[in-house]
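The block underneath contains the structure these notes are about, expressed in structure tokens.
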Amino acid sequence: MELVAEKAAIEQLQSEYAFSQRRACGLLLVAAGTFRYQSGRNDEPLRSRLVQLARERPRFGYRRLHVLLQRDGTRVSHKRLHRVYRECGLMIRRRIPGWDVSRLFGGRT
């Protein structure tokens, strides 16, 4: 079960059956610390700037966008940038090697 679904199930057990947080976590085999954890990560400024750059240059991948962000003075790790890039759905389509439009028309383009 995914963590979001597990958290929802624990909250449901707490509200419907008046279980304590610890008991609800124990029934679903989830550590109470995992349930209580709140991420302090805020990617919103990076996300908005990344989307803006990707719209200006749609054929740039995350690596080239990373260079542009570095030039602007934004320090961000390539791993974090790639994760945010994927979450935003900005993956550019890869060209299929060996595929040629002229094949559709019998060599006439």
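Every number in this text was worked out from the coordinates using simple rules, so none of it is lab data. Treat the numbers as computed from the prediction; the structure is a model and nothing was measured. Because the Cβ atoms are built from the backbone with ideal geometry, glycine has one as well, and the counts that use them run over all protein chains shown.
In a reduced charge model with +1 at each Lys and Arg Cβ and -1 at each Asp and Glu Cβ, the chain shows a dipole moment near 840 debye about its Cα centre. Over the chain, Cα pairs under 8 Å with separation of 6+ residues give a relative contact order of 17 percent. Measure nothing fancy, just the Cα-based angle from helix 44-56's long axis to the longest principal axis of the chain, in degrees from 0 to 90, nearest 10. Compared with the principal axis, the helix lies near 20 degrees. For region 1-103, the list of GluC sites (Glu not before Pro) that fall in a loop by DSSP and count at most 11 other C-beta atoms within 10 angstrom reads 2.
Remark: spin-label model distance residue 2-residue 92 equals 2.9 nm, labels positioned 7 Å along the Cα→Cβ axis.
The sum of -39500 (n - 2.57) across all DSSP H runs of n ≥ 4, divided by the residue count of the chain, sets its helix-only mean residue ellipticity at 222 nm to -16500 deg cm²/dmol.
Distance between the pseudo-spin-label points of residue 78 and residue 39 (7 Å out from Cα toward the beta carbon): 2.2 nm. For residue 51, neighbours were defined as the other residues whose beta-carbon sits under 13 Å from its Cβ, and their charges (Lys and Arg +1, Asp and Glu -1) total +1. Computed from Cα atoms, the angle from the helix 3-17 axis to the main principal axis of the chain rounds to 30 degrees.
Per-peptide packing, taken as the mean over residues of other Cβ atoms within 10 Å, places 78-86, 91-99 in the sequence 78-86, 91-99 from highest down. Roughly what angle does helix 78-87 make with the longest principal axis of the chain, taking Cα atoms, 0 to 90 degrees, to the nearest 10? The helix 78-87 is inclined about 90 degrees to the chain. Listed values (i) 12.5, 34; (ii) 15.5, 48; (iii) 22.8, 73 include one computed from this model; for Rg and Dmax of the Cα atoms in Å that value carries the label (iii). Sorting the segments 41-48, 62-69 by their mean number of nearby beta carbons within 10 angstrom, highest to lowest, gives 62-69, 41-48.
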